[in-house]
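Taking it in order: structure first as structure tokens, then the write-up.
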Amino acid sequence: MALFIAAALLPGCTARPATPPAPPGDTFRAQLVEQVTADGAWVHIEALQSIADATGGNRASPGPGYDASVDHVAGVLREAGFDTTTPVFTLRSDDRRPITLRNVVAQTRTGDPERVVVAGAHLDSVPDGPGINDNASGVAALLEVATRMGGSPPTTNAVRFAFWAAEERNLDGSAAYVESLSRSERRAIILYLNADMAASPNAGYFVQGGFGDEADETGPEGSEVVGRTLVEELAATGATAETAAFDDESDHDAFIEAGIPTGGVFSGADNAKTDAQAARWGGRAGVDFDPCYHSACDRAEGIDRRVLDDFTDALAGTVARFATATDPLAH
Ligand code: PHE
Ligand code: ZN
Ligand code: ZN
């Protein structure tokens with residue numbers, strides 16, 4: 001009894017991926033990876049660039065560019081047949097009126113809703129620019145995966161795509177969302193996959209999840225399965241990933257804090273590419289992965305489409321493998 005209570009009280013303590021999910025030969029995975037394309041993702045990059053151009057050059061939340069981004073993404077997901085909602089949360093500060101913001105959350109109508117694969121990307125930009133690599137790229141990659149998969153795929157588990165508000169403030173959207181979940185809703189989440197920057201102009205291929213020495217670097221137990229799967233799926237595109245520790249600087253943080261196995265991909269921001277990294281990935285050593293990071297020049301023209309293609313494929317493969325995983329995933 002005591003043991004049962006202790007287990008029940010652990011936040012997010014649930015069925016965990018004990019072994020890697022379906023192998024790369026899996027049919028559903030192979031079809032989804034085949035179907036997703038950089039051209040498909042590019043449509044959403046262009047839509048979000050146009051939105052920023054029409055709303056003062058940014059898509060910061062709160063703001064009109066963010067609102068239009070929400071409407072675009074929610075419309076695409078509804079059209080693709082997902083059960084789509086825009087749950088609101090409230091930002092409060094002492095000196096200002098409370099502000100209401102929307103996340104976008106879209107779930108498949110098939111698959112076990114007690115076993116949900118969640119994949120997310122922040123939908124807001126900084127106020128200084130349109131936020132195309134950071135993070136229309138992650139949004140576009142996941143929208144391409146979602147629309148090719150459709151709202152009623154033949155998967156064992158449910159799949160939920162989430163697009164977060166106010167990452168650039170204080171990770172507010174994802175934090176409010178995880179906070180809003182009941183204990184059983186958190187328990188139903190098998191894993192969280194984060195995509196924050198997936199097409200940097202001088203890109204790297206970084207994967208988080210299970211790497212590092214400390215618990216706050218590796219993420220909760222099970223994260224190593226997610227990270228390893230992302231590395232394998234990038235390898236299938238021909239890209240050699242570099243593993244990285246988690247930090248508390250993107251939307252993975254709320255899920256990690258809730259004890260949910262987590263992985264993430266990241267193509268690099270305002271750090272210089274090393275000689276070894278340029279040898280591995282091409283591009284320019286001594287130049288930042290994204291020289292336009294958090295700037296007005298973070299525009300569609302800077303996107304590396306091959307990198308976007310690779311990350312879109314890797315996210316498709318990873319989502320597909322976990323969505324079709326039938327392991328007991330005992331924890
Ligand atoms: N979250 C940071 C941003 O949006 C960048 C980042 C991405 C940091 C991924 C860590 C991991 O600017
Ligand atoms: Zn940013
Ligand atoms: Zn970001």
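The values are calculated or read from the model by the stated rules, or taken from the named source; none is laboratory data. These figures come from a predicted structure and were not determined experimentally. Because the Cβ atoms are built from the backbone with ideal geometry, glycine has one as well, and the counts that use them run over all protein chains shown. Side chains are part of the model used for accessible areas, which takes the heavy atoms of the whole protein and leaves out ligands, DNA and RNA. Shrake-Rupley method; radii C 1.70, N 1.55, O 1.52, S 1.80 Å.
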Item to check | Accessible area of the chain belonging to carbon and sulfur atoms, whole % at 1.4 Å probe | outcome: 50 percent
Checklist entry - Calculated FRET efficiency, Asp83 and Ser182, Cβ-Cβ r, R0 30 Å, to nearest 0.05? => result 0.95
Checklist entry - So what does Thr274 come to for accessible area, using a 1.4 Å probe and Å² rounded to 10? => result 70 Å²
Checklist entry - Length gain on complete extension for the stretch Thr274 to Ala30, per 0.36 nm per residue less the alpha carbon to alpha carbon distance? => result 84.5 nm
Checklist entry - Using a basic spin-label model with each label point 7 Å from the Cα along Cα→Cβ, how many nm lie between Arg92 and Ala245? => result 3.5 nm
Item to check | Cα gyration tensor shape for the range 271-331, rounded if a/c is under 1.5, else prolate or oblate | outcome: prolate
Item to check | Top of Asp134, Asp313, Asp304 by mean-square fluctuation, Gaussian network on the chain, Cα under 10 Å | outcome: Asp304
Next on the checklist: Between the range 106-169 and the range 176-222, how far is it from one alpha carbon centroid to the other, in angstrom?
Outcome noted: 13 Å
Checklist outcome for this item: Quick calc: nm separation of the 7 Å Cα→Cβ label points for Ser50 and Asp216 -> 4.4 nm
Checklist outcome for this item: Result for the range 157-259: accessible area per residue, probe 1.4 angstrom, in square angstrom, of 34 Å²
Checklist entry - All other residues with a Cβ under 10 Å from the Cβ of Val178 taken together, and with Lys, Arg as +1 and Asp, Glu as -1, what is their net charge? => result -4
Checklist outcome for this item: Regression test value, accessible area per residue of the range 23-69, probe 1.4 Å, units Å², expected 43 Å²
Item to check | Share, in percent, of DSSP beta bridges within the chain that are antiparallel, nearest 5 | outcome: 45 percent
Checklist entry - Taking square-rooted eigenvalues a ≥ b ≥ c of the alpha carbon gyration tensor, is the chain rounded, prolate or oblate, where a/c under 1.5 means rounded and, failing that, a/b exceeding b/c means prolate? => result rounded
Checklist outcome for this item: For Ser174 the rounded accessible area (nearest 10 Å², probe 1.4 Å, non-protein molecules ignored) is 0 Å²
Checklist entry - Counting Lys and Arg as +1 and Asp and Glu as -1, what is the net charge of the other residues whose Cβ lies under 11 Å from the Cβ of Ala166? => result -3
Checklist entry - What is the magnitude of the charge dipole of the chain about its Cα centre, with +1 placed on the Cβ of each Lys and Arg, -1 on the Cβ of each Asp and Glu, and no other charges, expressed in debye to the nearest 20? => result 960 debye
Item to check | Computed helical MRE - 222 nm, the chain, DSSP H runs ≥ 4 contributing -39500 (n - 2.57), nearest 500 | outcome: -12000 deg cm²/dmol
